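Notes follow the structure.
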Amino acid sequence: MAGFPSRFRPDALEARLAPLDALPRTLWLPAIVNNEGDPFARLAWVESARARLLAGDSPLAEVPDDGLPADLARGFAPSFERLALPALCQSQPAVAEQVLRSLLWHVDQVARVAGGVPRPVAIERVVRSFDAEWVERGEALHEVMRLVESLDGVAHFARWSELQGLLRAESWQRILEARELIERMPRLAELIRRLGRVRPREEDHVEFDEAAGGGGPDTWVRQLRETELPGTPVEVEGVRRSGDPARMLPIEALWRSNRLAPTRARRLRRLFAARLAEQALLGWQHRDRWSEPTWVPAPGARRVPRAVRRPVLEAGPIVVCVDTSSSMAGGPERVAKAIVVQALRTAAAERRPCYVYAFSGARQVAECELSSDLDGLRRLADFVAASFHGGTDVVEPIERALAQVRGEGWRQADLLIASDGEFGPTAATVEAVEAARRELGLRVQGVLIGDRETRGLRSIVDDTFWVRDWRRYGARHGQVDAPVHDRNLTGLYFPNMAAAPGTGTPLPGMAAAPLADTERDDGRA
């Protein structure tokens, strides 16, 4: 720093705490207050350990002795491999944070346990305690990962007992059954993934302007370096002074001639030896150099950061209306629950909002926002645990859904209606849907979990996906095939029925498939 001696840095003490800037605040206290190792070296190690966990590597592979004693690193390292903790923490910041907090807490307990037993025995006991804790937690988190990809919403163990209660409930097994069911219907899962219109959104990025002149730190530049290859017989380029007898000119050999007088020959041989030692003999100059790439330091340019805004594409939210009337009991009920579970998985993987309306009879509408945190999983568990009953009134849920998509942050949403089609909307509801199409570009996708489309379903949706073999997924129906050959059965026998399907804008790439393709995509061979 200017104005101070070269060896004096007033910010040297604060610089040792620089790793705190990259760590979450919840790791500050465990990393600083600990009985093992140097606190400043431990801070630097915790920062690198967190980065290694997020990359899927063990944090104990490279540990400085002053950051964590070697006997502790050797004691805890097998636990990370045995419990597969690096794989569990990969790309999961919340889980990596909890693993490090737990590791630092158990490391701090070694000094307390070692007060009554030798240190190796204390380390062994603490490692067993760490293993017992993460055997249970790891199994629970792996169970959640079977449903959603991100664990950020369930990795905070302040509500650990609630998560354990959810995973042990029967409703969680029904969620997993619904996930397995949707995997047998890949086209339906792809349709749900396509919900939500793509919109451009600008994000702030930092770029560095390197055209601001020099003065920056040294950088390494790749250049070609000539390397001499001695003794390589290549093209002769001329004559030079050399100490190599194999390349000397024939005239130099006269210095060692035996045909001269003994006294003169002895003097010339001494002169030859002196010229050889001084590398002053005349010799042939060969092209004996090779150019090879190498890295050399060079003065770097001064990088000036500047903020820029770049457009990125972002998919819109998902709004789902699920028919929960008594006619949906059995196979349609399982398919409808699978649709809701897949909507949550898609929204959680792509960090999109998702809202669900479950409707039945008049004034029987339940709504909730799905999310991958613990509260969202509990709401999903309550939905899949409920049994379907009541009549069918589609007016109120559609009005609520239209009000939702007109709200801030939901205008790029698509609406999906999953039903057996046994309902009839009013003219005002149909007109409200048409108004949303004109003003917002709303797309309404229907999923028919029944045998035929009705006039009410066709008057609302833009396109219909037919789950033709829904009977296969109900215990009371078994493997019974569909009794009809076409979902447009009503339209075939009543050709003058209004509201032909496809009047709106269907999802891209999801046009109606032929009958054979529909059967294959719904899980049939």
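The values are calculated or read from the model by the stated rules, or taken from the named source; none is laboratory data. Here the structure is a predicted model, which is why all the values come from computation and not from measurement. With ideal geometry, Cβ positions are generated from the backbone for all residues, glycine too; neighbour counts draw on all protein chains shown. Just so you know, the surface numbers come from the protein's heavy atoms only, side chains and all, with ligands and any DNA or RNA stripped out. Shrake-Rupley method; radii C 1.70, N 1.55, O 1.52, S 1.80 Å.
The table for this structure:
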quantity	calculated
Matching residues, the range 393-419, being modelled with pLDDT of 85 or more, among the charged types (D, E, K, R) and under 27 Å from Ala329 (Cα atoms)	Glu396, Glu399, Arg400, Asp414
Meets criteria (crowded, with 18+ Cβ neighbours inside 10 Å and farther than 23 Å from Leu163 by Cβ) for Ala77	no
First in the range 136-149 and part of a helix (DSSP H, G or I), second anywhere and aromatic (Phe, Trp, Tyr), Cβ under 9 Å, 6 or more apart	Arg137/Phe157; Arg137/Trp160; Ala140/Trp160; Glu143/Trp172
Flag for Val308 being modelled with pLDDT under 70, within 30 Å of the chain's Cα centre (by Cα) and open to solvent by less than 60 Å² (accessible area, probe 1.4 Å)	yes
Given (1) under 25 Å from Ala349 (Cα atoms); (2) in contact (Cβ under 8 Å) with a residue 24 or more places away in the chain; (3) open to solvent by 50 Å² or more (accessible area, probe 1.4 Å), number of the condition Gln164 does not satisfy	(3)
In the range 399-419, residue farthest from Arg197 (Cα to Cα) [restricted to those that are open to solvent by 30 Å² or more (accessible area, probe 1.4 Å) and among the polar types (S, T, N, Q)]	Gln404
Flag for Gln90 being open to solvent by 70 Å² or more (accessible area, probe 1.4 Å), in contact with a helix residue (DSSP H, G or I) (Cβ under 8 Å, 6 or more places away or on another chain), of a type outside the set (Asp, Glu) and at pLDDT below 90	yes
Matching option when the condition is open to solvent by 50 Å² or more (accessible area, probe 1.4 Å) and of a type in the set (D, E, K, R), among Glu396, Glu367	Glu367
Within the range 253-278, considering residues that are outside any helix (DSSP H, G or I) and out of contact with any helix residue (DSSP H, G or I) (no Cβ under 9 Å at 6 or more places or on another chain), the one farthest from Gly243 (Cα to Cα)	Ala261
Test result for Gly216, among the small types (Gly, Ala, Ser), modelled with pLDDT under 80 and touching a strand residue (DSSP E or B) at 6+ places or on another chain (Cβ under 9 Å)	yes
Failed item, numbered, when His389 is tested on (1) open to solvent by 50 Å² or more (accessible area, probe 1.4 Å); (2) in contact with a helix residue (DSSP H, G or I) (Cβ under 6 Å, 6 or more places away or on another chain); (3) under 22 Å from Leu141 (Cβ atoms)	(3)
For Cys368: the one exception among (1) touching a residue at least 24 places away in the same chain (Cβ under 8 Å); (2) under 30 Å from Ala427 (Cβ atoms)	(1)
Pair list, Cβ under 6 Å, 6 or more apart: the range 335-351 residue within 11 Å of Ser372 (Cβ to Cβ), other residue among the charged types (D, E, K, R) and not in a helix (DSSP H, G or I)	Ala349/Glu149
Residue, most open to solvent (accessible area, probe 1.4 Å), within the range 139-161, restricted to residues that are touching a Lys or Arg at 6+ places or on another chain (Cβ under 9 Å) and at pLDDT 75 or above	Arg146
Some residue of the range 97-110 being without any contact (Cβ under 8 Å) to a residue 24 or more places away in the chain and surrounded by fewer than 19 Cβ atoms within 10 Å (Cβ to Cβ)	yes
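Table: residues versus (1) aromatic (Phe, Trp, Tyr); (2) at pLDDT 65 or above; (3) under 30 Å from Tyr355 (Cβ atoms); (4) surrounded by 11 or more Cβ atoms within 10 Å (Cβ to Cβ).
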| residue | (1), (2), (3), (4) |
| --- | --- |
| Val198 | no, yes, yes, yes |
| Glu202 | no, no, yes, no |
| Arg269 | no, yes, no, yes |
| Ala277 | no, yes, no, no |
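Results for (1) surrounded by 19 or more Cβ atoms within 10 Å (Cβ to Cβ); (2) over 30 Å from Glu143 (Cα atoms); (3) over 35 Å from the mean Cα position of the chain (by Cα), shown as yes or no for each residue.
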site: Pro353; (1), (2), (3): no, no, no
site: Tyr357; (1), (2), (3): yes, no, no
site: Asp375; (1), (2), (3): no, no, no
site: Ala385; (1), (2), (3): no, no, no
site: Gly421; (1), (2), (3): yes, yes, yes
site: Val430; (1), (2), (3): no, yes, yes
site: Val433; (1), (2), (3): yes, yes, yes
site: Glu439; (1), (2), (3): no, yes, yes
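Residue by residue, here is whether (1) touching a helix residue (DSSP H, G or I) at 6+ places or on another chain (Cβ under 9 Å); (2) open to solvent by 50 Å² or more (accessible area, probe 1.4 Å); (3) modelled with pLDDT under 85 holds:
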{"residue": "Gly3", "(1), (2), (3)": "no, yes, yes"}
{"residue": "Glu14", "(1), (2), (3)": "no, yes, yes"}
{"residue": "Leu17", "(1), (2), (3)": "yes, yes, yes"}
{"residue": "Ile32", "(1), (2), (3)": "yes, yes, no"}
{"residue": "Arg50", "(1), (2), (3)": "yes, yes, no"}
{"residue": "Leu54", "(1), (2), (3)": "yes, no, no"}
{"residue": "Ala70", "(1), (2), (3)": "no, no, no"}
